[in-house]
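Comments concern the structure below.
The values are calculated or read from the model by the stated rules, or taken from the named source; none is laboratory data. Just so it is clear, the structure is predicted and the values come from calculations on it, not from any experiment. Note that each Cβ is placed from the backbone with ideal geometry, even for glycine, and that neighbours are counted across all protein chains shown.
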Amino acid sequence: MTLKAVFLDAGRTLVTERTSRAAMYAAAGRRRGLEVEDEFMARCMSDARRQLPRVLNGAFRYSEAWFEAFIQSIFVGRLGLAEAELPELQAELLACFSDPGQFRLYQDSRELLVELARSRLFVGILSNWSERLEELFEGLGVADLVDGFVVSSLVRAEKPEPAIFQEALDLAGVPASEALHAGDEPELDYAGARSAGLRAILVDHADACRDFVGERVTSLADLRARILQEAT
């Protein structure tokens, strides 16, 4: 069937952090007198992500309320930061999710979105992210090239679950057979989309998944060509 909608992942597909999340967290801790290195912070973050439930006091994973608990568990529970310093730290770190200075577009991201916007395709961003994703895209100057955002923290479902893909299909008003999703995670993006009935393309910027069985591109220029070919 004819392709009518394209959904794109955000992080490590269209945008990437200029500084790793662990480095940002560690630097924020050091500014408050904590002796913490980036590598140890990465372990703390991994542990906290694994230990915290997906829904915490009604807050879904990656929502701001969930991240407030995530930050508290690391800095107060693990590193001994004074409770009085927590609110300012939480606000600082949460602001990073929408700060265009913390992220950059991959080469050809803008060109991809411009070309898709010129087509008759519905273009959506489908991501496991906080509520601030649309604000980030506005700051990067590409939000007006997108028809809609489906964000896990808002729809209370996350990739690879079929429910979040169905949210995207409902937003676009198309069946799964007329939609394609592209992202960088083999399980979350590619397998998740296929399980929900969509076509899928893995975006492998680093060319690290050479043994991947399925459709794969190593640049957004290649992705653009594939999508536009499908749409004609």
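So that you can scan it fast, the table gives a plain yes or no per residue for (1) within 24 Å of the chain's Cα centre (by Cα); (2) assigned to a helix (DSSP H, G or I); (3) modelled with pLDDT under 95:
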| site | (1), (2), (3) |
| --- | --- |
| Glu35 | no, no, no |
| Ser46 | yes, yes, no |
| Arg50 | yes, yes, no |
| Pro53 | yes, no, no |
| Gly80 | no, no, no |
| Ala84 | no, yes, no |
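Does Val174 satisfy the condition of being touching a strand residue (DSSP E or B) at 6+ places or on another chain (Cβ under 9 Å), assigned to a loop (DSSP other than H, G, I, E, B) and surrounded by fewer than 20 Cβ atoms within 10 Å (Cβ to Cβ)? The answer is yes for Val174.
No other residue among Leu136, Leu113, Leu140 is at pLDDT 95 or above, within 17 Å of the chain's Cα centre (by Cα) and under 27 Å from Ala48 (Cα atoms) apart from Leu136. Among the conditions (1) in a helix (DSSP H, G or I); (2) crowded, with 22+ Cβ neighbours inside 10 Å; (3) of a type in the set (Phe, Trp, Tyr), Phe97 misses just one, which is (2).
Of all residues in region 176-193, those being farther than 9 Å from Phe7 by Cβ and in contact with a helix residue (DSSP H, G or I) (Cβ under 7 Å, 6 or more places away or on another chain) number 2. Just a yes or no: is a residue in region 147-161 modelled with pLDDT under 95, of a type in the set (Lys, Arg) and surrounded by fewer than 21 Cβ atoms within 10 Å (Cβ to Cβ)? No, every residue in region 147-161 fails to be modelled with pLDDT under 95, of a type in the set (Lys, Arg) and surrounded by fewer than 21 Cβ atoms within 10 Å (Cβ to Cβ). As for region 5-21, it holds at least one residue that is of a type in the set (Phe, Trp, Tyr), touching a helix residue (DSSP H, G or I) at 6+ places or on another chain (Cβ under 9 Å) and not in a helix (DSSP H, G or I).
If you go through region 127-141 and keep only what is surrounded by fewer than 21 Cβ atoms within 10 Å (Cβ to Cβ) and part of a loop (DSSP other than H, G, I, E, B), you end up with Glu131, Arg132, Leu140, Gly141. Once region 185-206 is narrowed to residues that are in contact (Cβ under 8 Å) with a residue 24 or more places away in the chain and crowded, with 22+ Cβ neighbours inside 10 Å, the residue that is nearest to Arg226 (Cα to Cα) is Ile201. Just one of the numbered conditions (1) of a type in the set (Val, Ile, Thr); (2) under 20 Å from Leu133 (Cβ atoms); (3) buried (at least 19 other Cβ atoms within 10 Å of the Cβ) is not true of Ile74: (2). Applying the condition of being under 23 Å from Phe149 (Cβ atoms) and among the acidic types (Asp, Glu) to region 1-56 and asking which residue is surrounded by the most Cβ atoms within 10 Å (Cβ to Cβ) yields Asp9. Of everything in region 185-212 that's under 20 Å from Glu167 (Cα atoms) and part of a loop (DSSP other than H, G, I, E, B), which residue is farthest from the chain's Cα centre (by Cα)? Residue satisfying both the conditions and the ranking: Gly197. The condition of being without any contact (Cβ under 8 Å) to a residue 24 or more places away in the chain, crowded, with 16+ Cβ neighbours inside 10 Å and in contact with a Phe, Trp or Tyr (Cβ under 9 Å, 6 or more places away or on another chain) holds for only one of Ala59, Ala69, that being Ala59.
Scan region 112-126 and give yes if some residue there is within 30 Å of Ala26 (Cβ to Cβ), in a helix (DSSP H, G or I), out of contact with any His (no Cβ under 7 Å at 6 or more places or on another chain) and not aliphatic (A, V, I, L, M), otherwise no. Checked region 112-126: no residue is within 30 Å of Ala26 (Cβ to Cβ), in a helix (DSSP H, G or I), out of contact with any His (no Cβ under 7 Å at 6 or more places or on another chain) and not aliphatic (A, V, I, L, M).
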